[in-house]
1. Measure up LYS18/LYS155; LYS61/LYS155; LYS31/LYS181 against 30 Å on the Cα-Cα distance and list the ones that go over.
2. Could I have the simple spin-label model distance between LYS65 and ASN125, label points 7 Å from Cα toward Cβ, reported in nm to one decimal?
3. How much accessible surface area, in Å² rounded to 10, belongs to the heavy atoms of ILE150 with a 1.4 Å probe?
4. Mean-square fluctuation check for the chain, GNM, Cα pairs under 10 Å: which of VAL99, VAL136, VAL162 is largest?
5. Quick check: with the 1.4 Å probe, what order do SER149, SER56 take by accessible area, largest first?
6. Per DSSP H run of at least 4 residues, take -39500 (n - 2.57); add these up for the chain, divide by its residues and hand me the 222 nm value, nearest 500 deg cm²/dmol.
7. Taking every DSSP beta bridge with both residues inside the stretch 52-193, roughly what % is antiparallel (nearest 5)?
8. Sequence gap at least 6, Cα distance under 8 Å: using those rules, report the relative contact order of the stretch 37-84 to the nearest whole percent.
Amino acid sequence: MKDIKAMNMNMYNNDDTKKLVFADFARYCNKLTFYSFYRIFRKNESFNFLFWFRLSNHRNKAIRKLSRFFYRKKCRKFNIFLPVETSIGGGLYIGHITVGGICINPTAIIGENVNISHQITIGSNKGKAANIGNNVYIAPHTCIIENVSIGNNVKIGAGSVVVHDIPDNVTAVGVPAMIVKNKKNNALSLNLI
């Protein structure tokens, strides 16, 4: 997680940008050819959005300026608030981007291979927003509020409101979010997180 934050605090160099774009691309298509990249870039709005998001932090000023122009257009088109300063690891997947309604605080730290659905909020009223681990699935209409930590390999159910930390390898649902499934023993647990 610290590496992601360090990468985003500074502008990406060409290699960082390339790695992040290809990690995102791998979530949309497993075959890396020029034609598949071009096809996914043209036809998949989610990947297209992420492509401009990644290039918006490029070290080259001309690339950064052009990318931010296209990125802002995409943000307005899909009703997404995702500042370019937000720390997001490679392999981000945004499902149903055309529905929009995504709002992510710039102080949030999001790990690698995270799935984000439509109509989610990751925010804070008091400063620091959430720290989200790797391989996390965030279902539609979910709110993650304040400085909470979400572990690795976590699933957060639709309509959940996360106000407490969530450990690794669990499924959490509800208002407020409660652990309902633990991957280690698959036992149902209704303890508040």
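The values are calculated or read from the model by the stated rules, or taken from the named source; none is laboratory data. Because the structure is a prediction, the values reported are computed rather than measured. When we count neighbours, we look across all protein chains shown, and the Cβ atoms used for this are built from the backbone with ideal geometry, even at glycine. SASA here: full protein model, heavy atoms, side chains in, ligands and nucleic acids out. Shrake-Rupley method; radii C 1.70, N 1.55, O 1.52, S 1.80 Å.
1. On the way: LYS18/LYS155 28 Å; LYS61/LYS155 38 Å; LYS31/LYS181 34 Å.
Check vs 30 Å cut-off fails for LYS61/LYS155; LYS31/LYS181.
2. 4.1
3. 10
4. Looking only at VAL99, VAL136, VAL162, the largest GNM fluctuation is found for VAL99.
5. SER149, SER56
6. Taking each H run of at least 4 residues, the total per residue is -10000 deg cm²/dmol.
7. Values: 5 of 29 bridges.
Restricted to the stretch 52-193, the bridges split so that about 15 percent are antiparallel.
8. Values: 32 pairs, mean separation 13.2, N = 48.
So the answer I get is 27 percent.
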